[in-house]
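A.B. asks: Please read through the structure below; I'll follow up with questions.
The values are calculated or read from the model by the stated rules, or taken from the named source; none is laboratory data. The structure presented is a predicted model; accordingly, all values stated were derived computationally and were not measured. Here the Cβ is made from the backbone with ideal geometry for all residues, glycine too, and neighbour counts use every protein chain on show.
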Amino acid sequence: MPRAGLTSARVAQAAADLADEVGLEQVTLTALAKHFDVATPSLYTHVRSSADVRTRIALLALDETADLVADALAGVSGRAALASVGSVWRAYAREHPGRYAATRLPLDASEAAVSAGPRHAELSRAALRAYALSPDDETHAVRLLGATFHGYAALDAAGAFSHGGPDTPTSDDTWERVVDGLDTLLRTWETR
């Protein structure tokens, strides 16, 4: 019989919180059982495995970030939209490192179908509306934004841009230049 109050959603939320504390790879059924003060087999009523738990963290994080990106895009376009979307990912990677790592996990077709992944693609397309790209070029641009935003967010969160002296540009300074570069590229994009 399931322990009172223990649900799949509560397990996923606790796993996401634990991932932010100790890292995604350290989230195990044993660690979650300890958190809930239950025997590990009790969790099998709610999740199938540690891999299932990580997938649930990914789904939760993709939902959270889709909401954040949608809010950030309200009322902005062009360069401001690019900056807003990218800034969501930078902040999320710093504030929720375990959840962020889960967003980078590959999902199988059935998991992807129920994820917020398609919503993210549509939000990225919305951020690109000011650039008048063809459908194919829009797809290329969505991929470019994803690679740039996630690459920068991951490196930034890991502290890769924190080295240098007092006169070295900050990560935020570089981020502004990255957004400027993306905006310039997208405004001058040539269709092949």
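A.B. asks: With the requirement that a residue be more than 11 Å from residue 18 (Cβ to Cβ), not in a helix (DSSP H, G or I) and not hydrophobic (A, V, I, L, M, F, W, C), what does region 28-46 give you?
C.D. replies: 37, 46
A.B. asks: Considering only residues of region 47-87 that are more than 28 Å from residue 160 (Cβ to Cβ) and not in a helix (DSSP H, G or I), which is nearest to the chain's Cα centre (by Cα)?
C.D. replies: Checking each candidate, the answer is 74.
A.B. asks: All but one of (1) within 17 Å of the chain's Cα centre (by Cα); (2) part of a helix (DSSP H, G or I); (3) surrounded by fewer than 18 Cβ atoms within 10 Å (Cβ to Cβ) hold for residue 107, so report the exception by its number.
C.D. replies: Residue 107 satisfies all of (1) within 17 Å of the chain's Cα centre (by Cα); (2) part of a helix (DSSP H, G or I); (3) surrounded by fewer than 18 Cβ atoms within 10 Å (Cβ to Cβ) except (2).
A.B. asks: Evaluate region 65-72: report whether one residue or more is touching a Lys or Arg at 6+ places or on another chain (Cβ under 6 Å) and surrounded by fewer than 21 Cβ atoms within 10 Å (Cβ to Cβ).
C.D. replies: Yes, region 65-72 contains a residue that is touching a Lys or Arg at 6+ places or on another chain (Cβ under 6 Å) and surrounded by fewer than 21 Cβ atoms within 10 Å (Cβ to Cβ).
A.B. asks: When only residues in region 42-64 that are modelled with pLDDT under 95 and β-branched (Val, Ile, Thr) count, which is surrounded by the most Cβ atoms within 10 Å (Cβ to Cβ)?
C.D. replies: Restricting to residues being modelled with pLDDT under 95 and β-branched (Val, Ile, Thr), the top hit is 53.
A.B. asks: Given (1) part of a helix (DSSP H, G or I); (2) among the hydrophobic types (A, V, I, L, M, F, W, C); (3) free of Cβ contacts under 8 Å to residues at least 24 places away in the same chain, where does residue 126 come up short, assuming only one miss?
C.D. replies: Only one criterion in (1) part of a helix (DSSP H, G or I); (2) among the hydrophobic types (A, V, I, L, M, F, W, C); (3) free of Cβ contacts under 8 Å to residues at least 24 places away in the same chain is unmet by residue 126, namely (3).
A.B. asks: Here is a further query. Identify all residues within region 45-66 that are under 16 Å from residue 9 (Cβ atoms) and without any contact (Cβ under 8 Å) to a residue 12 or more places away in the chain; write none if there are none.
C.D. replies: Correct list: 48, 52.
A.B. asks: Of the numbered conditions (1) of a type in the set (A, V, I, L, M); (2) out of contact with any His (no Cβ under 7 Å at 6 or more places or on another chain); (3) at pLDDT below 90, residue 74 satisfies every one except a single condition; which is it?
C.D. replies: Only one criterion in (1) of a type in the set (A, V, I, L, M); (2) out of contact with any His (no Cβ under 7 Å at 6 or more places or on another chain); (3) at pLDDT below 90 is unmet by residue 74, namely (3).
A.B. asks: Go over the candidates 167, 173, 137 one by one and state the one that is in contact (Cβ under 8 Å) with a residue 24 or more places away in the chain and either of a type in the set (Asp, Glu) or in contact with a strand residue (DSSP E or B) (Cβ under 7 Å, 6 or more places away or on another chain) (or both).
C.D. replies: 137
A.B. asks: Only one of (1) in a helix (DSSP H, G or I); (2) closer than 23 Å to residue 190 by Cα is not met by residue 90, so which one is it?
C.D. replies: Result: residue 90 passes all but (2).
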